[in-house]
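A short write-up of the structure that comes next.
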Amino acid sequence: SGQNLLLHGSAGTGKTYLAMYLALTEVLAGHFKKLVIVRSAVPTRDIGFLPGSVEEKLKVYEQPYSTIAKDLFERGDAYDILKNKFMLEFIPTSFIRGTTLRDCVVLVDEINNLTFHELDSVITRLGDNTKMILAGDVTQTDLNDNAFGLIKFMDIVERMNSFSSIKFGTPDIVRSGLVRDYLITKEHTYV
């Protein structure tokens, strides 16, 4: 309540799902004008040239949020409706510079794939009446040597009075029993 959030920990615990649910609840209640989802649009493995406009290229990165909106609202076009009503916006980190985000909830997802510089850039874009939700897992970074920058950033926000940090562990996994079993076994065997 009234806090910015840092949601971090195990895969499959619903960090992104919960973040979208909480953000959209605030938007639909009229506390904020929209949800802004920020995510790096840099692929972890090069898949080659993607044809189409910028919007068409970004669709691939928006897919998880479209799926969550479909689940939350029980209709396949929910994500597009929210976008068309200007209640939801997707911004890749590549286009965040020079922007001031106002009257919105900013969900920065997959923070494990953002550099310290990108995270610093995003948090300094926040204007008046803005709430931030950060979601990710330091163990899932796809960027070489990124863990230190992410840990440094997380340490900073965890020291801020305006942030609450919520750590999810393997007992919190809701994706499937197989995922839970795999991660628990891996944690006990190799970590």
Under 25 °C and 0.890 mPa s, how fast does the range 86-160 diffuse according to Stokes-Einstein, given a Kirkwood radius computed over C-alpha pairs? Answer in µm²/s, whole number. 190 µm²/s
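Round to the nearest 0.05 the FRET efficiency obtained for residue 56 and residue 26 when R0 = 25 Å and r is the Cβ-Cβ distance. Kindly include the intermediate steps, with their values, before the conclusion.
Details: r = 30 Å, r/R0 = 1.18.
In this case the efficiency is close to 0.25.
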Please list, in order, the residues from the range 1-41 whose amide nitrogen is less than 18 Å from a point placed 7 Å along the Cα→Cβ vector of residue 102. 31-36
Pairwise FRET efficiency - residue 3 versus residue 77, Cβ, R0 = 25 Å, nearest 0.05: 0.20
So who's got an amide H within less than 5 Å of the one on residue 164, skipping anything under 5 residues away but keeping other chains? H placed 1.01 Å off N, in plane. 4, 5, 6
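Computed from the coordinates by the stated procedures, all read-outs in this text should not be read as laboratory data. Given the structure is predicted, the values throughout are model-derived calculations rather than measurements. Here Cβ is always computed from backbone atoms with ideal geometry, including for glycine, and neighbour counts include all displayed protein chains.
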